[in-house]
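One structure is given here, and the rest of the page talks about it.
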Amino acid sequence: MTAADLGPRELRILVAVAEEGGFSAAAERLGATQSAVSHAVRGIERKLGVVLFERGRFGARPTAAGERSAAHARRVLRMLRALDADARGAVTGELSGPLRIAAFRSAALRLLPPALERLAEQHPGIEVSVSVVRELGAGTAGEVAAGRADLGIATLSGPPPAGLVGGVLLREPYALVHPAGHPDPRTLPLVDWAENCGSCTRAWWAAQDWIPAATVNAEDDGAVLSMVGSGLGMAIMPALSLTGAPPAVGITDLGPDRPYRSVGYVTAAELAATAAVRALIRTLRSLGEPSPERTKAQLRAV
């Protein structure tokens, strides 16, 4: 027997045990008995020929094979839901069903709202959920690869991970951010945060001998803006993070050699053709990259 012999119920049990960390908790989530869940997991392991969970007093921890199997199971279950929604949509002409989005903080705050507003107007049957994910390590692309999100809004510095596809939505410039009215902001200490896309700016950053090591590392870009506005230092920040910056914050162009980062989407290859994901991608693309005039107007407004 192989994975092809697994049914949807078994896939749901696999995912539940992986996410709940134990058979009892998974059983409660599924409305089943602990013995039924434990028996099902043993059956799944026999079919796959691998151990999926380490059992112990701590519960049930996924092995490396278990983590990978759970990711595949989530994606298969998601495709079954997409099959149902797309089949009904072919008859009714209306798009429906769940759509799970993972986005880093500034994209969730600034990029997604107008897109989701337009999506809701055009396709009210799509049920959107958004999770804010730190763009560190695997980031939003990792959520898609693990089957926890259908589409991720990600910073792109190379091709998507294996099994994923994606595209650039916009390129946003970085700017020097400082207390408003400061006569020489480049002399200030640096305030930074871990998510500040070092892969996008590393070469530019290394060539700037005026940028010191950070004296303050904040939790996120919102905290950086607050600290800069309070006079604690300067920062180098991308445009999405600066939308709606408080009056106490000044924004200075970094000149023709300013760095940029690419913001785009990633999705699983098999989900890219599903109706809900295609609709969101079309909506995101329809918003377009801001023109230079629009960007300048936004910077003047903050």
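The values are calculated or read from the model by the stated rules, or taken from the named source; none is laboratory data. Keep in mind the model is a prediction, meaning the values are calculated, not measured. When we count neighbours, we look across all protein chains shown, and the Cβ atoms used for this are built from the backbone with ideal geometry, even at glycine. Accessible surface areas use protein heavy atoms only, side chains included; no ligands, DNA or RNA. Shrake-Rupley method; radii C 1.70, N 1.55, O 1.52, S 1.80 Å.
Here are some notes:
- Pick from region 247-276, criterion of a type in the set (A, V, I, L, M) and more than 14 Å from Pro160 (Cα to Cα), ranking: farthest from the chain's Cα centre (by Cα): Ala248
- Residues of region 135-160 that turn out to be assigned to a loop (DSSP other than H, G, I, E, B) and either more than 17 Å from Glu67 (Cα to Cα) or of a type in the set (S, T, N, Q) (or both), as a count: 7
- The C-beta contact set for region 22-34 (first residue free of Cβ contacts under 8 Å to residues at least 12 places away in the same chain, second residue part of a helix (DSSP H, G or I) and open to solvent by less than 30 Å² (accessible area, probe 1.4 Å), distance under 6 angstrom, 6+ apart or interchain) comprises Ala27/Val37; Thr33/Ala27; Gln34/Phe23; Gln34/Ala27.
- Whether a residue is out of contact with any strand residue (DSSP E or B) (no Cβ under 8 Å at 6 or more places or on another chain), at pLDDT below 95 and among the aliphatic types (A, V, I, L, M) was assessed, and Ala87 passes this test.
- Some residue of region 256-266 being of a type in the set (Val, Ile, Thr) and open to solvent by 10 Å² or more (accessible area, probe 1.4 Å): no
- Here region 152-175 is the region considered, the condition is being among the β-branched types (Val, Ile, Thr) and closer than 19 Å to Val130 by Cβ, and the residue that is most open to solvent (accessible area, probe 1.4 Å) is Thr155.
- Within region 70-114, considering residues that are in a helix (DSSP H, G or I), small (Gly, Ala, Ser) and in contact with a Ser or Thr (Cβ under 9 Å, 6 or more places away or on another chain), the one surrounded by the most Cβ atoms within 10 Å (Cβ to Cβ): Ala107
- So Ala245, is it crowded, with 19+ Cβ neighbours inside 10 Å, at pLDDT below 95 and on the phi < 0 side of the Ramachandran plot: yes
- Candidates Ala149, Ala138 - the one that is touching a Lys or Arg at 6+ places or on another chain (Cβ under 9 Å) and either closer than 24 Å to Arg12 by Cβ or surrounded by fewer than 21 Cβ atoms within 10 Å (Cβ to Cβ) (or both): Ala149
Every residue, every condition in (1) under 21 Å from Tyr265 (Cβ atoms); (2) not small (Gly, Ala, Ser), yes or no:
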site: Arg29; (1), (2): no, yes
site: His39; (1), (2): no, yes
site: Glu54; (1), (2): no, yes
site: Pro62; (1), (2): no, yes
site: Ser69; (1), (2): no, no
site: Asp86; (1), (2): yes, yes
site: Gly97; (1), (2): yes, no
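- In the condition set (1) farther than 30 Å from Ala276 by Cβ; (2) part of a strand (DSSP E or B); (3) of a type in the set (A, V, I, L, M, F, W, C), Met227 is compliant with all but (2).
- Identity of the residue in region 176-218, in a loop (DSSP other than H, G, I, E, B) and modelled with pLDDT under 90, that ends up surrounded by the fewest Cβ atoms within 10 Å (Cβ to Cβ): Ala194
- Summed over region 225-242, residues that are open to solvent by 20 Å² or more (accessible area, probe 1.4 Å), small (Gly, Ala, Ser) and either closer than 19 Å to Pro183 by Cα or touching a residue at least 60 places away in the same chain (Cβ under 8 Å) (or both) total 4.
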